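K.L.:
The structure's right below; bear with me while I get my questions together.
The values are calculated or read from the model by the stated rules, or taken from the named source; none is laboratory data. All values derive from a computational prediction rather than experimental measurement. A quick note on method: Cβ atoms are made from the backbone with ideal geometry, for glycine too, and the neighbour counts reach across all protein chains shown. Surface areas here come from the heavy atoms of the whole protein model, side chains and all, with no ligands, DNA or RNA. Shrake-Rupley method; radii C 1.70, N 1.55, O 1.52, S 1.80 Å.
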Amino acid sequence: MNAQAMNEDARRVLESLPADLGAKDRMAIPVTPMPSQEPGVRCHNMHEVALGYGEDQAVLEATRCLQCRNHPCVAMCPVSIDIPRFVGFVAQRRFREALDVIQESSLLPAICGRVCPQENQCQRNCTVGKARGSVDEAVAIGRIERFVADWARKNGIVPLPPIAPDSGKKVAVVGSGPASIAAAADLRREGHDVYMFEALHRTGGVLVYGIPEFRLPKALVESEIEKLRSMGVHIETNYLVGRTRTIRELMEEDGFDAIFIGTGAGLPRFMGIPGENLVGVFSANEYLTRSNLMKAYDEEGSRTPIYRARRVAVFGGGNVAMDASRTALRLGAENVTIIYRRTREEMPARREEVEHAHEEGVEFMMLSQPVEIVGDENGRVSGVVVRSCELGEPDQSGRRRPVEIEGSDHLVPFDCVIVAIGNSSNPLIKMTTPGIEVNGKGNFIVDEETGETSIKGVYAGGDIVLGAATVILAMGQGRKAAAAMNRYLAAR
Ligand code: FAD
Ligand code: SF4
Ligand code: SF4
């Protein structure tokens with residue numbers, strides 16, 4: 001059924017509901033499905049998979065909310081959006097008011113409504129989901145949030161916060177991912193002169209180079225960056241802090257009163273197995289960056305080449321592995337296989353992403369551990385030696401540990417390998433900033449309340465502190481640090 005027909009369906013359901021709707025009636029309404037591109041069509045294009053609710057669908061879904069007095073959903077949202085209030089406005093078709101409520105807490109609703117792992121956050125403890133026996137039946141808060149943000153954009157509503165008079169203070173924000181976007185906006189609101197320095201030629205961090213277009217259209221990210229520009233934030237790209245200027249130079253020579261570091265976790269990890277240097281082995285970061293940032297799929301418009309592959313192996317079971325495998329399909333691979341050492345049950349990827357990958361034709365080789373990548377006489381990947389595993393006792397994460405089965409090695413032919421087993425933080429700023437403290441994983445150690453690092457006036461947040469986490473957590477950290485920085489600057 002197409003999106004319009006689905007919306008008309010929702011209208012009919014709304015019209016059939018009694019005027020004095022009780023909790024039982026609300027709970028009886030099934031979750032409103034999300035219109036999306038057909039799997040057979042979408043695996044050949046880069047357009048967004050989920051098409052978004054129409055007005056009647058959003059209103060119907062919002063009508064399912066019970067407006068719980070203890071609102072367990074809010075406690076599970078990392079930035080504590082007043083969910084019952086904004087959802088209540090949507091149920092009354094008061095979309096503008098709904099937007100205002102969301103924006104009290106979140107700067108990036110169009111993005112978070114799309115990519116937040118809602119089933120582990122706001123929707124996890126939703127009363128409706130609990131009563132219906134599945135988190136999949138919870139009120140679809142993220143979809144409603146996305147609808148509100150998209151509605152605002154379609155109607156040309158781009159609310160810019162008021163900017164306080166010039167404070168006379170100059171602040172640097174390093175990086176341009178969600179942590180830095182949030183920090184820059186909140187610092188600029190206080191009237192500080194804010195400079196954002198980004199190493200790449202485009203701003204947005206993982207939102208632009210990591211998460212594929214078919215999950216998060218880049219135009220949305222660009223419009224958030226445009227908002228920052230309209231607020232008066234100076235944005236400099238191709239500016240690698242630690243090389244172009246160091247943190248010390250920014251503070252002592254360039255006159256910055258405070259610095260926020262939001263440089264993320266962009267250093268790919270490899271398996272450390274033989275064959276990782278062969279031609280045709282990519283980190284998921286490189287593979288996704290080629291496609292997302294450099295538009296390698298646009299063969300006529302982009303100068304970045306695609307590595308042509310027929311059989312692609314993706315190592316890992318997280319969201320990055322799902323993104324890489326689905327991108328490989330769209331770049332023309334005939335067969336894409338995810339190789340994962342546990343089972344689907346233990347996969348850290350969002351269930352929706354795993355289902356989407358499966359629907360599009362990605363294959364899953366479970367309980368399998370790659371132990372070697374083998375190459376042909378030209379040094380190109382020709383296969384992966386895989387060792388079978390079985391599940392043992394749970395490890396620290398609570399997931400059952402994979403135990404390799406000796407003597408089970410077998411060679412599977414592939415001509416490309418994408419390693420998607422996680423990222424660490426880039427050590428450049430640590431290496432060039434004497435006195436900045438990091439933990440064993442290379443993440444900055446900060447004061448939990450303020451985000452301040454071991455250097456006075458230097459704050460940090462997002463993946464560089466948390467390790468690879470989520471967009472909304474990064475945004476929340478950016479906001480928390482900006483609030484502390486505003487206090488620090490006011491007292492100077
Ligand atoms: P980043 O987004 O990593 O941004 C850091 C920026 O700093 C980058 O632009 C980088 O170029 C720049 N930088 C680095 N070093 C320097 C320097 N020395 N000088 C100047 N600039 C520098 N999260 C979700 O919530 N949902 C998802 O669906 C999801 N999917 C993901 C898919 C992929 C493929 C990946 C990789 C991550 C995904 N995440 C997802 C995680 C999420 O994107 C990150 O947690 C989030 O982007 C972290 O934000 P950040 O601002 O801390 O850093
Ligand atoms: Fe849910 Fe994320 Fe929105 Fe919070 S920001 S309400 S967790 S979708
Ligand atoms: Fe509505 Fe669910 Fe939150 Fe209750 S828990 S207020 S039903 S979204």
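K.L.:
Being away from ligand 2 (no atom under 13 Å from the Cβ) and open to solvent by 20 Å² or more (accessible area, probe 1.4 Å) is the filter here, so list the residues in region 470-492 that pass it.
P.N.:
Within region 470-492, Gln477, Lys480, Ala483, Asn486, Arg487, Tyr488, Ala490, Ala491, Arg492 meet the criteria.
K.L.:
Which residues, counting only those in region 313-325, are within 24 Å of Gly275 (Cα to Cα) and either within 16 Å of ligand 1 (Cβ to nearest atom) or open to solvent by 20 Å² or more (accessible area, probe 1.4 Å) (or both)?
P.N.:
Hits for region 313-325 are Val314, Phe315, Gly316, Gly317, Gly318, Val320, Ala321, Met322, Asp323, Ala324, Ser325.
K.L.:
Out of the residues in region 127-160 that are out of contact with any Leu (no Cβ under 9 Å at 6 or more places or on another chain) and assigned to a loop (DSSP other than H, G, I, E, B), which is nearest to ligand 1 (Cβ to nearest atom)?
P.N.:
Here the answer is Ala140.
K.L.:
Taking the criterion of being in a loop (DSSP other than H, G, I, E, B) and over 18 Å from the mean Cα position of the chain (by Cα), would at least one residue in region 111-121 satisfy it?
P.N.:
No: zero hits.
K.L.:
Out of curiosity, is Gly264 within 22 Å of Cys389 (Cα to Cα), outside any strand (DSSP E or B) and open to solvent by 10 Å² or more (accessible area, probe 1.4 Å)?
P.N.:
So Gly264 fails the test.
K.L.:
Is there any pair with a first residue in region 46-70 that is free of Cβ contacts under 8 Å to residues at least 24 places away in the same chain and under 22 Å from Cys126 (Cα atoms) and a second that is open to solvent by 10 Å² or more (accessible area, probe 1.4 Å) and part of a strand (DSSP E or B) whose Cβ atoms are under 6 Å apart and which are 6 or more apart or on different chains, and what are they?
P.N.:
Between residues of region 46-70 that are free of Cβ contacts under 8 Å to residues at least 24 places away in the same chain and under 22 Å from Cys126 (Cα atoms) and residues that are open to solvent by 10 Å² or more (accessible area, probe 1.4 Å) and part of a strand (DSSP E or B), there is no close pair.
K.L.:
Looking at Thr343 and the list (1) open to solvent by 10 Å² or more (accessible area, probe 1.4 Å); (2) under 23 Å from Tyr307 (Cα atoms); (3) hydroxyl-bearing (Ser, Thr, Tyr), which single condition is not satisfied?
P.N.:
Just one mismatch for Thr343, condition (2).
K.L.:
OK, next. Just checking, how many residues over region 247-261 are without any contact (Cβ under 8 Å) to a residue 60 or more places away in the chain and either within 21 Å of Ala313 (Cα to Cα) or not in a loop (DSSP other than H, G, I, E, B) (or both)?
P.N.:
Of the residues in that region, 2 qualify.
K.L.:
Scan region 353-372 and give yes if some residue there is among the hydroxyl-bearing types (Ser, Thr, Tyr) and either over 19 Å from Val403 (Cα atoms) or modelled with pLDDT under 95 (or both), otherwise no.
P.N.:
No, region 353-372 contains no residue that is among the hydroxyl-bearing types (Ser, Thr, Tyr) and either over 19 Å from Val403 (Cα atoms) or modelled with pLDDT under 95 (or both).
K.L.:
Also: Of the conditions (1) in a loop (DSSP other than H, G, I, E, B); (2) within 16 Å of ligand 3 (Cβ to nearest atom); (3) buried (at least 16 other Cβ atoms within 10 Å of the Cβ), Glu48 satisfies every one except a single condition; which number is it?
P.N.:
Checking Glu48 against (1) in a loop (DSSP other than H, G, I, E, B); (2) within 16 Å of ligand 3 (Cβ to nearest atom); (3) buried (at least 16 other Cβ atoms within 10 Å of the Cβ), the one that fails is (2).
Quick grid of which residues meet (1) at positive phi; (2) in a loop (DSSP other than H, G, I, E, B); (3) loosely packed, with under 12 Cβ neighbours inside 10 Å:
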position	(1), (2), (3)
Glu393	no, no, yes
Gly407	yes, yes, yes
Ile418	no, no, no
Gly435	yes, yes, yes
Gly442	yes, yes, no
Glu448	no, yes, yes
Lys456	no, yes, yes
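K.L.:
Quickly run through region 267-287 and pick out the residues that are in contact with a Ser or Thr (Cβ under 8 Å, 6 or more places away or on another chain) and either hydroxyl-bearing (Ser, Thr, Tyr) or not in a loop (DSSP other than H, G, I, E, B) (or both).
P.N.:
If the condition is that a residue be in contact with a Ser or Thr (Cβ under 8 Å, 6 or more places away or on another chain) and either hydroxyl-bearing (Ser, Thr, Tyr) or not in a loop (DSSP other than H, G, I, E, B) (or both), then Leu267, Pro268, Tyr287 are the ones that fit.
K.L.:
Among the residues of region 292-301, how many are under 15 Å from His201 (Cα atoms) and surrounded by 17 or more Cβ atoms within 10 Å (Cβ to Cβ)?
P.N.:
Total satisfying the criteria: 3.
For (1) more than 16 Å from ligand 2 (Cβ to nearest atom); (2) touching a residue at least 60 places away in the same chain (Cβ under 8 Å); (3) in contact with a strand residue (DSSP E or B) (Cβ under 7 Å, 6 or more places away or on another chain), each residue gets a yes or a no:
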{"position": "Ala140", "(1), (2), (3)": "no, yes, no"}
{"position": "Phe147", "(1), (2), (3)": "no, yes, no"}
{"position": "Arg153", "(1), (2), (3)": "yes, yes, no"}
{"position": "Ile157", "(1), (2), (3)": "yes, yes, no"}
{"position": "Ala172", "(1), (2), (3)": "yes, yes, yes"}
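K.L.:
Do we have any residue at all in region 437-447 that's within 11 Å of ligand 1 (Cβ to nearest atom) and not aromatic (Phe, Trp, Tyr)?
P.N.:
yes
K.L.:
Let me ask something else. Might you let me know whether region 26-35 holds any residue that is at pLDDT below 95, β-branched (Val, Ile, Thr), open to solvent by 30 Å² or more (accessible area, probe 1.4 Å) and out of contact with any strand residue (DSSP E or B) (no Cβ under 9 Å at 6 or more places or on another chain)?
P.N.:
no
K.L.:
Among the residues of region 51-107, how many are more than 14 Å from ligand 2 (Cβ to nearest atom), open to solvent by 70 Å² or more (accessible area, probe 1.4 Å) and over 20 Å from Ala152 (Cβ atoms)?
P.N.:
Going through region 51-107 one residue at a time, the tally reaches 3.
Residues are listed down the side, and each one gets a yes or a no for (1) within 18 Å of Asp150 (Cα to Cα); (2) at pLDDT 95 or above; (3) assigned to a helix (DSSP H, G or I); (4) not assigned by TED's automatic domain parsing to the domain that holds Lys218:
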residue: Pro18; (1), (2), (3), (4): no, no, no, yes
residue: Leu21; (1), (2), (3), (4): no, no, no, yes
residue: Tyr53; (1), (2), (3), (4): yes, yes, no, yes
residue: Ala62; (1), (2), (3), (4): yes, yes, yes, yes
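K.L.:
If we scan region 250-259, do we find a residue that is open to solvent by 30 Å² or more (accessible area, probe 1.4 Å) and within 30 Å of Leu411 (Cα to Cα)?
P.N.:
no
K.L.:
Okay, next question. Please count how many residues of region 120-130 are farther than 24 Å from Asp56 by Cβ and either touching an Asp or Glu at 6+ places or on another chain (Cβ under 9 Å) or more than 11 Å from ligand 2 (Cβ to nearest atom) (or both).
P.N.:
Matching residues across region 120-130 total 2.
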